[in-house]
1. Choose one answer from A:ILE147, A:ILE278, A:ILE230: the residue with the largest mean-square fluctuation in a GNM of chain A with alpha-carbon springs under 10 Å.
2. Give the share of C-alpha pairs in each 10 angstrom bin for the protein assembly as shown, from 0 to the last occupied bin, in whole percents, shortest bins first.
3. For the full complex of protein chains and a 1.4 angstrom probe, list A:LEU77, A:LEU379, A:LEU285 by accessible area with the highest value first.
4. Which of A:PHE153, A:PHE275, A:PHE370 ends up with the largest GNM mean-square fluctuation for chain A, with Cα atoms connected below 10 Å?
5. Could you work out what % of the accessible surface of the protein assembly as shown is carbon and sulfur, using a 1.4 angstrom probe and leaving DNA, RNA and ligands out of the count?
6. Mind grabbing the accessible area of A:THR302 for me, 1.4 Å probe, Å², rounded to tens?
7. Tell me, which residues of region A:254-287 get at least 40 Å² less accessible area when the other protein chains come in, versus the chain alone (1.4 Å probe)?
8. Using the crude model of +1 on Lys and Arg Cβ and -1 on Asp and Glu Cβ, and no other charge, please compute the dipole size for chain A relative to its Cα centre, in debye to 20.
Amino acid sequence: MEVKKSFEEINEKIKNGTAVVVTAEEIIDIVKEKGLDEATSHVDVVTTATFSPMCSSGAFLNFGHADPPIRMTKVLLNNVPAHAGLAAVDAYIGATETSFDRDIEYGGAHVICDLIAGKKIHLQATSPGTDCYPRKKIDTYITKDSINEAYLFNPRNCYQNYDAAINTSGRTLYTYMGVLQPNMANINYSTSGELSPLLNDPYLRTIGMGTKIFLAGAPGYVAWQGTQFITEVERGNNGVPTTSAATLAVIGDLKQMSCDYIQPAVFEKYGTSMFVGIGIPIPVLDKDMLMNLAVENKDIYTNIVDYSVGRRSKPSLGKVNYAQLRSGMVTLEGKQIPTTPLSSLSKARAIAQELKRWILTDKFTLQEPFKHFNKVSKLNTLEEVGKGEIDNE
Amino acid sequence: MSKKAYKQRIYIEAEKCVECGACTAVCGAKALRLDKTTWKLIYNVQKCQGCMLCVSACPSRAIKSDIEDLPSAVAAAL
Ligand code: SF4
Ligand code: SF4
């Protein structure tokens, strides 16, 4: 009889300590050894993880009220501007914001990680002053413990797949995909392949609004679909997208995070970003689910895209699988080209293991999504139009 | 056969390194590489040309070109 398990049954097993939990790398050999049927009844949860630069990240902070109070309209944190176009003492610090004095060498990501590390942050805020908020200026220091809420809210993390980058031009390119040497001298790629969360659940059967996740060392949630979310893309026979597809908006308590799983990043001549560690536990509901979870690098494909073309749509020079990318060398147009990951597999593995420990030891249960994401077949583009030309049907 | 002494040109702060591999993309001398099993960074001082391209390519700013730049605890441990 075919094995079927519900979220509730799996959570019961987690609570009574009988759940079998393995990582998305470990499951591959288990399926080879036991076969799909036996592995489906044996394994309950598979942990997936990624640790990659994720620019679309940031944190909401509430500083608490000063006396006399101020309605902050301009906010600097260690000389990095935070968006203060919210209520009086709320602000959002974006990871890629850069500082006035150190430019890209110290940005929003550094402020966020310094807060997580418990460091003192210099807060400077100004205001025109109002009858109810008379103060016009404040210059003080905060820590994560001195303020009220501090939570990460990242609008686009955890890309399902991502194009690898190459440079066919004659000059070195400095990009968010790292340094691309001229004349196709290197290929950079950025997912953890067979360990990556959304590559293991290609149709997001178990991941949606409310999914409990590991976010930078703290429990977090999937809050919404990520920005630039698209599902109707080219897929392999195994259902795995061969290009960028789904993304996630995630939320979690900054105060509980650990710098072991989140770090600022500075990309030369590009800007500030942030390495974010995310782990997602996926339940083995049935054989189909396990088949997805047993996906291997050799069966996950991505495009090699030419970053020397400065247009929205960059040409693909061909498809490559993650086993080839991981081998360190790819042959393209008769040329052997070295490959470099930008996503840390060693960190992703540490996250998958830590999440496994959470489930086995701390009884971290799984949350069935409250709502699955709708299919999206097209991304809108931004066009330069006159006011009268906009199509508002 | 006489042994050749190699001068260490760069220093990697293990605490800051996230093992992303970005530095290996600019190291033409192949002195920096990720181990294919552990996926941790390996620095081969014998191959290093001292070009310093890795220093600015490292997003974690974990590579230092001068021992003077290192925190004293790290420098003392070398
Ligand atoms: S680029 Fe920096 S963080 Fe990444 S592996 Fe090299 S030294 Fe480590
Ligand atoms: S200094 Fe140059 S040769 Fe030496 S490790 Fe760095 S990039 Fe490689």
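The values are calculated or read from the model by the stated rules, or taken from the named source; none is laboratory data. Just so it is clear, the model here is predicted, and its values are computed rather than measured. Positions of Cβ are backbone-derived with ideal geometry, glycine not excepted, and every protein chain shown enters the neighbour counts. Ligands, DNA and RNA are stripped out before the accessible areas are found, and what is left, the full protein with its side chains, is counted by its heavy atoms. Shrake-Rupley method; radii C 1.70, N 1.55, O 1.52, S 1.80 Å.
1. Result: A:ILE147 has the largest fluctuation of those listed.
2. Whole-percent P(r) values from 0 Å outward: 4, 18, 27, 26, 17, 6, 1, 0, 0.
3. Reading off the accessible areas and sorting them downward yields A:LEU379, A:LEU285, A:LEU77.
4. Of A:PHE153, A:PHE275, A:PHE370, the most mobile in the Gaussian network model is A:PHE370.
5. Carbon plus sulfur share of accessible area: 50 percent.
6. Answer for A:THR302: close to 0 Å² accessible.
7. Correct list: A:GLN263, A:VAL266, A:GLU268, A:PHE275.
8. So the dipole magnitude of chain A works out to roughly 600 debye.
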